1. Any residue in the stretch 155-165 that is closer than 26 Å to residue 89 by Cα, part of a helix (DSSP H, G or I) and touching a residue at least 60 places away in the same chain (Cβ under 8 Å)?
2. Which members of the stretch 166-183 meet the condition of being assigned to a helix (DSSP H, G or I) and either within 16 Å of the chain's Cα centre (by Cα) or within 30 Å of residue 124 (Cβ to Cβ) (or both)?
3. For residue 107, indicate whether it is surrounded by 22 or more Cβ atoms within 10 Å (Cβ to Cβ) and farther than 18 Å from residue 209 by Cα.
4. Being touching a strand residue (DSSP E or B) at 6+ places or on another chain (Cβ under 7 Å), at pLDDT below 95 and not in a strand (DSSP E or B) narrows it down to one residue among 245, 252; which is it?
5. Scan the strands (runs of 3 or more DSSP E) fully inside the stretch 184-225 and keep the ones with 2 or more residues being without any contact (Cβ under 8 Å) to a residue 24 or more places away in the chain and out of contact with any helix residue (DSSP H, G or I) (no Cβ under 9 Å at 6 or more places or on another chain).
6. Exactly one condition in (1) surrounded by fewer than 22 Cβ atoms within 10 Å (Cβ to Cβ); (2) within 27 Å of residue 77 (Cα to Cα) is not met by residue 96; state its number.
7. Does residue 66 satisfy being in a strand (DSSP E or B), at negative phi and touching a residue at least 40 places away in the same chain (Cβ under 8 Å)?
8. Here is a check on your reading of the model: is residue 143 crowded, with 24+ Cβ neighbours inside 10 Å, assigned to a strand (DSSP E or B), in the same structural domain as residue 222 (by TED's automatic domain parsing) and at pLDDT 95 or above?
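The values are calculated or read from the model by the stated rules, or taken from the named source; none is laboratory data. Here the structure is a predicted model, which means the values were calculated and not measured. Note that each Cβ is placed from the backbone with ideal geometry, even for glycine, and that neighbours are counted across all protein chains shown.
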């Protein structure tokens, strides 16, 4: 399915094309991009040429493919240092991982989706979707729901329009109405669960990272499997996760953490 244009003018369209290339996960030919592009052939080619000249994309003349450019590596490193919670949160998630022996995920919201910015593997690692740098759904993950629950209504409404509500498992909340009811419960108790909603056998307890004014900075979770533990056991450690989130938030604010769009 073709990507939806952002409506943000030339810059927005160029970023749409950059996202299209990135979404393939491997070098991609012009014909493949054109097949899914909302832009005419000449427009798409012009954006690809501009992005290549600027080092945002790399073109291989031998294979005729486009891939992300090395300039993005520098920009990504700068973004990770300046806007990601990861450098700030490192000592706290290290400590939480050592205390629990379970997998720790640190995430932020990106255009209504979950961006995993850091991770600590469990003492006995388990294969799962979430990895640092990956983008996942917000509506069916613990960290995603923890962040959605504390967004102002206008931001929440916008984020909900970006959810696919695909039913990944029998436990997935697949309607906005069901999700909103869950978010109200999360606000009341202060933490969220993943009840095997994204992947079978994967469960977690997640807590939002909030500024003093209540602004959502991110979320942190302790994740395990149904073969190893239970949701009740994970919830028993919710206060420890909340303490970790509070420490990260305090550290982030002292670093003058930037406002999130």
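1. Here is the first cut: in the stretch 155-165, the ones closer than 26 Å to residue 89 by Cα are 155-156, 159.
Next, only the ones that are part of a helix (DSSP H, G or I) stay: 155-156, 159.
Checking the rest, the ones that are also touching a residue at least 60 places away in the same chain (Cβ under 8 Å) come to none.
No: the stretch 155-165 contains no residue that is closer than 26 Å to residue 89 by Cα, part of a helix (DSSP H, G or I) and touching a residue at least 60 places away in the same chain (Cβ under 8 Å).
2. At the first step, the residues of the stretch 166-183 found to be assigned to a helix (DSSP H, G or I) are 176-183.
Within the stretch 166-183, 182 is the sole residue that qualifies.
3. Values: surrounded by 22 or more Cβ atoms within 10 Å (Cβ to Cβ): yes; farther than 18 Å from residue 209 by Cα: no.
Here the answer is no, as residue 107 does not meet what is asked.
4. On the way: 245 fails: at pLDDT below 95.
That would be 252, the only listed residue that is touching a strand residue (DSSP E or B) at 6+ places or on another chain (Cβ under 7 Å), at pLDDT below 95 and not in a strand (DSSP E or B).
5. Working: elements: 192-195, 202-210, 216-225.
Result: empty, no element qualifies.
6. Tallying (1) surrounded by fewer than 22 Cβ atoms within 10 Å (Cβ to Cβ); (2) within 27 Å of residue 77 (Cα to Cα), residue 96 fails exactly one: (1).
7. Numbers: in a strand (DSSP E or B): yes; at negative phi: yes; touching a residue at least 40 places away in the same chain (Cβ under 8 Å): yes.
Answer is yes for this residue.
8. Values: crowded, with 24+ Cβ neighbours inside 10 Å: yes; assigned to a strand (DSSP E or B): no; in the same structural domain as residue 222 (by TED's automatic domain parsing): yes; at pLDDT 95 or above: yes.
Taking the combined requirement at face value, the residue does not satisfy it.
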